[in-house]
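Every read-out reported here was derived from the displayed coordinates using simple, explicitly stated rules and does not represent laboratory data. The shown structure was predicted, so the numbers you read here are calculated from the model rather than taken from an experiment. In this analysis, Cβ positions are derived from the backbone assuming ideal geometry, glycine residues included, and neighbour counts consider all displayed protein chains.
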Amino acid sequence: MSRTVKAIRIHQHGGAEQLRLDDVPIGEPGPGEIRIKHRAIGLNYIDVYQRMGLYPMPMPLSMGMEASGVIEAVGEGVTHLKVGDRAAYASQPPGSYCEERVMPAKCVCKLPDAIDFETGAAMMLKGLTAQYLLNRTLPQGGLNKGDFILFHAAAGGVGLIVCQWAKALGLQLIGTAGTDQKCQLAKDLGAAYMINYSKEDFAARVKDITQGKGVKAVYDSVGKDTWDKSLDCLAPFGLMASFGNSSGPVPDFSPGILAGKGSLYVTRQTLFTHINSRESTQAMADDLFDKVVSGVVKIRIDQRYPLAEIQAAHKDLEARKTTGCTILTL
């Protein structure tokens, strides 16, 4: 017998007002799929990009990229999950803003008993992003204890995880944020130095902190507003790792700029390239789970919104009113 569940969708790209609570049909999982009943849902800036059309998607679009819950049904060929398992995921295609869904099983991971559902929903996309940035997106010669890195939006969901993880690796993380309160939060969680970009020129301050040498890597999810000065923060042969565009896309630039600034490297990363196989997803998730269960990384959930209040959640995220992780409750 067919049935429906509540889900947040958009029917055209635009502002937060486009987010609607719809009734959508749900069926049984096919080969390689599972059906999961959600217990909590994560909110991420990529959701805003998709809603606004920066990443165009077919309509109507079910929103959301991560959640946690309980496996209710398993399709043919799925062997790593069974009915009743606690699970969490960050996964394509979008569709996590809902009570229940059928989805590919490839990126769904069994959630350790030591991690509650809210933490599981908050940590997957941001935590796996932190994992690939610090372990797979590395400058020439890698990152070693004592090395300086620059991380923008250090008080955000990914940023606070990276602050803790970087400290555990012995790195000297220089973070940026827009208020003194956010700067203090990131410093409390492991940043070696924080720069309030609303008061200081972050490029000049980075050169001061590093005694003119610059950093080995910049990790930047901000994009347009930080790009040019971030290149000026890098040491020769340094790595500029872009992984987001919260201020807008980076303008076109000539590769010759990289030569003049010290033979720099540039990369544009996305999580979904890194978790394109079951094996890679599980290996990265195991590393993340270990860091969280051991207490090396603590997941801060600073905001909770009922699913029906999704418009307010998006507006607060875009206005930079949030810190740490945000979840949607059911």
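Helix check for the chain. Which DSSP H runs span at least 20 Å along their own axis by Cα, with a mean Kyte-Doolittle hydropathy no less than -0.5? What comes out of the filter, once short or polar helices are dropped, is 117-136, 278-293. Taking amide H as placed 1.01 Å from N in the peptide plane, the amide H of Ile195 sits under 5 Å from that of Gly175, Thr176, Ala177, each at least 5 places away or on another chain.
With viscosity set to 0.692 mPa s at 37 °C, what whole-number translational diffusion coefficient in µm²/s follows for region 138-268 from Stokes-Einstein and a Kirkwood radius over Cα pairs?
Reported coefficient: 228 µm²/s.
With R₀ set to 30 Å, the beta-carbon distance separating Thr329 from Ala73 gives a calculated FRET efficiency near 0.80. Every pair of different Cα atoms in the chain enters the Kirkwood calculation, which places the hydrodynamic radius at 20.3 Å.
A straight line joining the Cα centroids of region 77-109 and region 239-266 runs 35 Å. Only DSSP H runs of four or more residues enter the estimate; each adds -39500 (n - 2.57), and after division by the residues of the chain the mean residue ellipticity at 222 nm equals -8500 deg cm²/dmol.
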